[in-house]
Amino acid sequence: MIGGEKGSGTGQLLQAVYGKEAERIRVSMNLGSTAAVKEAVKAGLGVSLVMLSSVRDDIRAGTLTALQIDGEAINKDLFVVSPESTPETTLSAVFRDQLMQSAN
């Protein structure tokens, strides 16, 4: 198993889904970005868990294959981030506010 940056959500996701059994999964390396993880997988160094949105183009291109994990859904917290100085009238601020409203 190839992991993302140390302390990232992959280990926490595995723990939440598989409980104590997650400890049996050996992570051979931790890399600093999803791009690095994808390249390591392409090089045949192992498998990994990533969000579908980060590999959609690779799947279409045939450079990676995605397998859906059956069973309980795996959920991940996502955060909306924007600069503090974004004026409330900008399109990005309006979009941010719509995202926040739909999440509640």
Residues of segment 76-87 being free of Cβ contacts under 8 Å to residues at least 40 places away in the same chain and either touching a Leu at 6+ places or on another chain (Cβ under 8 Å) or of a type in the set (Lys, Arg) (or both), in sequence order, are Val80
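Please find, among Ala73, Ala93, the residue that is outside any loop (DSSP other than H, G, I, E, B) and either among the small types (Gly, Ala, Ser) or in contact with a Cys (Cβ under 6 Å, 6 or more places away or on another chain) (or both).
Among Ala73, Ala93, only Ala93 is outside any loop (DSSP other than H, G, I, E, B) and either among the small types (Gly, Ala, Ser) or in contact with a Cys (Cβ under 6 Å, 6 or more places away or on another chain) (or both).
Restricted to segment 1-32, and to residues that are in a loop (DSSP other than H, G, I, E, B) and of a type in the set (A, V, I, L, M, F, W, C), which residue is modelled with the highest pLDDT? Working first, answer last.
Residues of segment 1-32 in a loop (DSSP other than H, G, I, E, B): 1, 4-8, 25-28, 31-32.
Filter again for of a type in the set (A, V, I, L, M, F, W, C), leaving 1, 25, 27, 31.
On the way: Met1: 86, Ile25: 83, Val27: 83, Leu31: 90.
Within segment 1-32, the match that is modelled with the highest pLDDT is Leu31.
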Identify the single condition in (1) exposed (fewer than 11 other Cβ atoms within 10 Å of the Cβ); (2) under 19 Å from Glu5 (Cα atoms); (3) of a type outside the set (S, T, N, Q); (4) within 16 Å of the chain's Cα centre (by Cα) that Leu67 does not satisfy, given that it satisfies every other one.
-> (2)
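Take the conditions more than 20 Å from Ile69 (Cα to Cα), assigned to a helix (DSSP H, G or I) and either of a type in the set (S, T, N, Q) or out of contact with any strand residue (DSSP E or B) (no Cβ under 9 Å at 6 or more places or on another chain) (or both) and apply them to Ala35. Does it pass?
It is true that Ala35 is more than 20 Å from Ile69 (Cα to Cα), assigned to a helix (DSSP H, G or I) and either of a type in the set (S, T, N, Q) or out of contact with any strand residue (DSSP E or B) (no Cβ under 9 Å at 6 or more places or on another chain) (or both).
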Check on Ala93, in contact with a Pro (Cβ under 9 Å, 6 or more places away or on another chain), of a type in the set (A, V, I, L, M) and more than 16 Å from Ile2 (Cα to Cα) | yes
So Thr34, is it β-branched (Val, Ile, Thr), closer than 22 Å to Lys6 by Cβ and touching a helix residue (DSSP H, G or I) at 6+ places or on another chain (Cβ under 8 Å) = yes
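The values are calculated or read from the model by the stated rules, or taken from the named source; none is laboratory data. From a predicted model like this one, the values you see are computed outputs, not experimental measurements. Glycine also receives a Cβ, built like all others from the backbone with ideal geometry; neighbour counts cover every protein chain displayed.
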